[in-house]
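**Q** Take a look at this one; I'll ask things after.
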Amino acid sequence: MPANQIAAFVLYLIVLLALLYYAVIYLCQKRFTSYHEAAVGQTWESLPPRLQALLTGMQRNMGAGMLAVSVSGFFLLAFPFRHGERWASWALLSLLSSIGIPTLYATMYINRRTGANTPILPAAISLGSTATAFVLSLF
């Protein structure tokens, strides 16, 4: 594999590993994160049980989406991308952007509306890394 393809592979891999990390967190937590608490302005324990169930379900749904994208991305990276299939980079760009853009938007929106310290920087870095990997893979 040429150097630019190796660099693209590594960047895609880092983004996919980060996405898998957040997927596991969102799937395994039994309560919301500290920035969710700041956004809501209440502790987890002060929320009614039905609201806790709703928020847990939404968080697990997001985690499941992240897991699906990361697993799909790993397969694209391991097989077609590694074997030089040019379409694989387009697929990775589409796949990672489809979760990355809404995630960045949501983190910025929640931060702006509530002042909570949402993970804007990791979301932006992931999108930037995805775009960089895509550009590198074209040459």
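**Q** Any idea what angle helix 120-138 forms with the longest principal axis of the chain, computed on alpha-carbon atoms, 0 to 90 degrees, nearest 10?
**A** That works out to roughly 10 degrees.
**Q** If you don't mind, another one. Residue separation times 0.36 nm, minus the C-alpha to C-alpha distance between Arg112 and Tyr35: what's the value? Intermediate results must be reported in sequence, preceding the final value.
**A** On the way: separation 77, 0.36 × 77 = 27.72 nm, distance 1.26 nm.
My answer for the length gained is 26.5 nm.
**Q** With no solvent and one equal point scatterer placed on each C-alpha of the range 64-139, evaluate the Debye formula and give log10 I(q)/I(0) for q = 0.23, 0.25, 0.26 Å⁻¹, two decimals.
**A** Evaluating at q = 0.23, 0.25, 0.26 Å⁻¹ gives log10 I(q)/I(0) of -1.02, -1.13, -1.18.
**Q** Moving on. Tell me which label goes with the value of Kirkwood radius over Cα pairs in Å computed from the coordinates here: (1) 17.5; (2) 15.4; (3) 16.0.
**A** (3)
**Q** Based on Cβ point charges of +1 for Lys and Arg and -1 for Asp and Glu, what charge dipole magnitude is obtained for the chain about its Cα centre, in debye rounded to the nearest 20? Intermediate results must be reported in sequence, preceding the final value.
**A** On the way: 8 positive and 3 negative charges, 37 e Å.
Computed charge dipole of the chain: roughly 180 debye.
**Q** Positive end of the dipole of the chain, charges at C-beta (+1 Lys, Arg; -1 Asp, Glu), about the Cα centre: which of Phe75, Leu17, Gly41 has its Cα farthest in that direction?
**A** Sorting the options by dipole projection puts first Gly41.
**Q** For Cys28 and Thr132, FRET efficiency with R0 = 22 Å and r from the beta-carbon atoms, rounded to 0.05?
**A** Values: r = 30 Å, r/R0 = 1.37.
E(calc), rounded to 0.05, equals 0.15.
**Q** Would you mind calculating the relative contact order of the range 3-138 from Cα pairs under 8 angstrom and at least 6 residues apart, reporting the percent as a whole number? Can you show the working numbers first?
**A** Numbers: 132 pairs, mean separation 52.3, N = 136.
Across the range 3-138, relative contact order equals 38 percent.
**Q** Sticking with this one: For the chain, what does the helix formula give at 222 nm: sum of -39500 (n - 2.57) over DSSP H segments with n ≥ 4, over the residue count, nearest 500 deg cm²/dmol?
**A** Numbers: 5 runs with 109 residues, N = 139.
Calculated from helices alone, the mean residue ellipticity at 222 nm is -27500 deg cm²/dmol.
**Q** In addition: I need Leu27, Leu77 ordered by Cβ neighbour count within 10 Å, fewest first. If you can, show how the numbers build up before the last one.
**A** Numbers: Leu27 15, Leu77 21.
Ascending number of Cβ neighbours within 10 Å: Leu27, Leu77.
**Q** If you don't mind, another one. Select from Ser97, Ser70, Ser46 the residue whose mean-square fluctuation is largest in a Gaussian network model of the chain (Cα-Cα springs shorter than 10 Å).
**A** Among Ser97, Ser70, Ser46, the largest GNM mean-square fluctuation belongs to Ser46.
Any read-out appearing in this document is the output of simple, stated calculations on the displayed coordinates, not a laboratory observation. Values in this document were obtained by computation on a predicted structure and should not be read as measured data. Using ideal geometry, Cβ is built from the backbone for each residue, glycine included, and neighbour counts are taken over all protein chains shown.
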